[in-house]
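The values are calculated or read from the model by the stated rules, or taken from the named source; none is laboratory data. Keep in mind the model is a prediction, meaning the values are calculated, not measured. Here Cβ is always computed from backbone atoms with ideal geometry, including for glycine, and neighbour counts include all displayed protein chains. Accessible surface areas use protein heavy atoms only, side chains included; no ligands, DNA or RNA. Shrake-Rupley method; radii C 1.70, N 1.55, O 1.52, S 1.80 Å.
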Amino acid sequence: MGTSSQHEIDQNKVSGILKETFGFDEFRFEQKNVIQSILQQQDTLAIMPTGGGKSLCYQLPALYFDGLTVVISPLISLMHDQVSNLKQHNIDAEFLNSSLGMAQKRDIEERLIQGKIKLLYIAPEGILNSYIMNMLKNMKISCFAIDEAHCVSQWGHEFRKDYTRLNELKEYFPNVPTIALTATADKKTREDICQQLSLNNPNIYISTFDRPNIRYAIYERKNEIRQLDQFIKLNHPTDVGIVYCLSRKKVEKVAEDLTELGYAAHAYHAGLSPQRRMAVQEKFNKDDHIIIVATIAFGMGIDRPDVRYVAHLDLPKSIESYYQETGRAGRDGEPSNAWMMYGLQDVVKLNQMLELTDADDQYKRNAKIKLDAMLSLSESLQCRRKILLNYFGQEAPDTCDNCDACLEPQETWDATIESQKLMSTIYRTGQIFGSSYLIQVLRGSANAKILERGHDKLSVYGIGKDLSGPQWNSVIRQLLSLKYICIKNWEYRSLALTPQSSSVLKSKEKLTLRKLKEQKVSSKGISKKKKAKNFDHKHPDLFEKLRVLRRSIADENKIPPFMVFSDKTLHDMCLIYPRNPDDMMMVHGIGASKLEKYGDVFLNEISSYRQ
Ligand code: ADP
Ligand code: ZN
């Protein structure tokens, strides 16, 4: 006996919408299953990596169903981009938020009531407003889509109070299926989402978290601007990139330095005026060579697909953040770099910031666990991708051949004796000093403070001259991440022993550590074979012509160029070299609506090039 929730699905209609409206040939990751589940009108939780294609999971069903799909989205900029993108595909989508004028609002409401809108984007506080709720109650709602659903979870890293009231939707609309979407996968967040949103026996789909086109690399910080400059010069001299820094001050400084070096770099952080931020965001959407130097305030709502690299000049607070930020590179699936630099100071600074916030203990404990995981990712000798995937609960092979650990295996050394020396120094000076003082004692510095305290009389004084300061820093960082030592007092950043220390001190355990990499200034870059932009066609000049055409169409329509066509689509045109609309339909990213809009102009351009 079938249950009442068994619905006959017209698969031809589904693949028709996929190809005709969106211009895609096939589903990606779990899209197919997620969509089938929604079409069966089942509550669904879809977990997909950033750039994985979450939007299609509710946009396609929205077009399949009669009635309205309501999309709850946390950010105005996000709604705005999604809606202009949908309009490019001739889809009736609108958003309702505070940025609209009275007349615009009226007009949208009218069309809603007439059933002329398929997708409505709205913020959580907007939908719970009683006026809008009453309007929706009188309409045929086919589905609720809750984007960035991890915002309901306190455990998550972007908790939003408004999200916790969304379970009210289930009270008012018990028969409307809900799809929740997020890129945050851990089990706790997942459970929170299902429970907080009162999802009814949901189907849960978790897509692979692997982003094979992204090359991960993590290096020690020496001279960050020089390192960054060399990395960009070598790998991405004319590409679009994002550089993340922890503080606003540093953002400004790095943007200035890069500008001086001749790059088109722009700062972005929450301290800038809204106008300025908007202008930078717009430039970022339009320009072909641009670097945005930003705090994490620059993030949500970016869907430019051809960002070729994301560089971190500071350690992110968690693997989730790292993954999400690096995930902004290479959404188009082309080779891209996630390049990070960090040092002991980051670990200390982040821990200190955490210790000194007013947050409750539970929050601090969670945040500390997450930071530790990020630290072990940075310090590990293992394949970075494997660690990332395992962290998200996914199996992975031991090597990926596309991260620094796999491509440039680290040398290791037996650091048992040096670790003992460090631990003894920590112990004998009373477990109250920070790393730089301890290193001075180890290296036998004649610093007045050392002499004053009589630490030059200790047996450990000067026993560590064989290692340089940076080498000692590297040892300390690794021992911290392995928990052989800890930071006891955050204000003074003093180092102390842990229960684990004694087995090393008593020589019961051998310690193998990574060697400090010598002034290695850049990743080897993307190998020739995988080099971005090295597309397999013989018409780079045609590509440039198409790019210019795309830009003028974009300017005319006041939309970013990538909303007209992606680079990939343009390259595909150079490859397929279409002569007529039928050929054009074979090009990646072209469906009926794009063909109708731009097919002729592009065909003309190609035909005049051919002559
Ligand atoms: P996110 O999961 O981060 O919300 P998006 O929904 O913005 O990702 O999709 C990321 C990119 O992938 C977009 O450029 C989108 O057009 C593209 N995309 C989505 N689904 C497919 C598909 N089935 N085939 C090809 N490209 C797709
Ligand atoms: Zn690897």
> aspartates and glutamates within cross-link reach of K286: Cα-Cα under 15 Å, excluding same-chain residues under 8 positions apart?
Replying inline: D81, D239, D303, D306, D555, E556, D567
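Find the accessible area per residue for the range 540-610; the probe is 1.4 Å, ligands and nucleic acids are left out, and the unit is Å².
Values: 3230 Å² over 71 residues.
Dividing the accessible area of the range 540-610 by its residue count gives 46 Å².
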> Peptides 313-324, 383-394: what's the order by average Cβ count within 10 Å, highest mean first?
Replying inline: 313-324, 383-394
> Taking the C-alpha atoms of the chain, how large are the radius of gyration and the largest Cα-Cα span, Dmax, in Å?
Replying inline: 27.1, 87
> Nearest 10 degrees, 0 to 90: what angle lies between the long axis of helix 469-481 and the longest principal axis of the chain (Cα atoms)?
Replying inline: 60 degrees
> Using 11 Å as the cut-off for backbone N distance, which residues of the range 410-435 belong to the label zone defined by a point 7 Å from the Cα of K449 along Cα→Cβ?
Replying inline: 433-435
>> Give me log10 I(q)/I(0) at q = 0.13, 0.16 Å⁻¹ for the range 227-371, Debye formula, one equal scatterer per alpha-carbon, no solvent.
In response: -0.59, -0.87
>> Let's test the formula: R0 of 25 Å, r as the Cβ-Cβ distance of K253 and Q471. What FRET efficiency results, to the nearest 0.05?
In response: 0.35
>> Tell me the accessible surface of E411 in square angstrom (1.4 angstrom probe, heavy atoms of protein chains only), to the nearest ten.
In response: 120 Å²
> Quick one: what do you get for the range 412-514 if you divide its Cα Rg by 2.2 N^0.38 Å?
Replying inline: 0.99
>> Roughly how far apart, in whole Å, are the Cα centres of the range 1-61 and the range 314-347?
In response: 30 Å
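Fully extended, how many nm does the chain gain between N129 and L261 (0.36 nm per residue separation, minus their Cα-Cα distance)?
Working: separation 132, 0.36 × 132 = 47.52 nm, distance 5.05 nm.
Working it through step by step, the gained length comes to 42.5 nm.
At R0 = 56 Å, how high is the FRET efficiency between N175 and D414 if r is their beta carbon distance? Nearest 0.05 is fine. Present the calculation step by step, with values, prior to reporting the outcome.
Values: r = 66 Å, r/R0 = 1.18.
Efficiency, from the Cβ-Cβ distance: 0.25.
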>> Please list, by residue number, everything in the range 397-430 whose backbone N is under 12 Å from a paramagnetic label point 7 Å out along Cα→Cβ of N390.
In response: 397-399
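What full-extension length gain, to one decimal in nm, is calculated for Q104 and E282 as 0.36 nm per residue of separation minus the Cα-Cα distance?
Taking Q104 through E282 to full extension adds about 61.8 nm, to one decimal.
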> Along the range 364-370, what does the Karplus equation 6.51 cos²θ - 1.76 cosθ + 1.60 (θ = phi - 60°) give for ³J(HN,Hα), rounded to whole Hz, x for Gly and Pro?
Replying inline: 4, 4, 4, 5, 5, 4, 5
>> List the residues, sorted by chain then number, that are 5 or more residues from Y121 or on another chain and whose placed amide H is less than 5 Å from its amide H.
In response: V71, E94, F95, L96
> Residues with amide H under 5 Å of A267's amide H, sequence separation 5 or more or different chain, H placed in the peptide plane at 1.01 Å from N; which?
Replying inline: V293
> Mind listing P(r) for the range 11-206? All alpha-carbon pairs, 5 Å bins, whole percents.
Replying inline: 1, 8, 17, 22, 23, 16, 10, 3, 0
> Dipole of the chain (Lys/Arg Cβ +1, Asp/Glu Cβ -1, origin at the Cα centre): which of Y131, V347, Q41 lies farthest to the positive side?
Replying inline: V347
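Of the accessible area of the range 540-610, with the probe set at 1.4 angstrom, what percent is carbon plus sulfur?
Values: 1650 of 3230 Å².
With neighbouring chains kept in place, the figure for the range 540-610 is 51 percent.
Can you work out D for the range 96-221 in µm² s⁻¹ from Stokes-Einstein, where Rh is the Kirkwood radius over C-alpha pairs, the temperature is 10 °C and the viscosity is 1.306 mPa s?
Details: Rh = 16.7 Å.
For the chosen part, D equals 95 µm²/s.
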>> Just to verify a number: FRET efficiency for K233 and Q195, C-beta to C-beta distance, R0 = 56 Å, to 0.05?
In response: 0.65
> Along the charge dipole of the range 540-610, Cβ charges K/R +1 and D/E -1, which of M584, A554, L595 sits furthest on the positive end?
Replying inline: A554
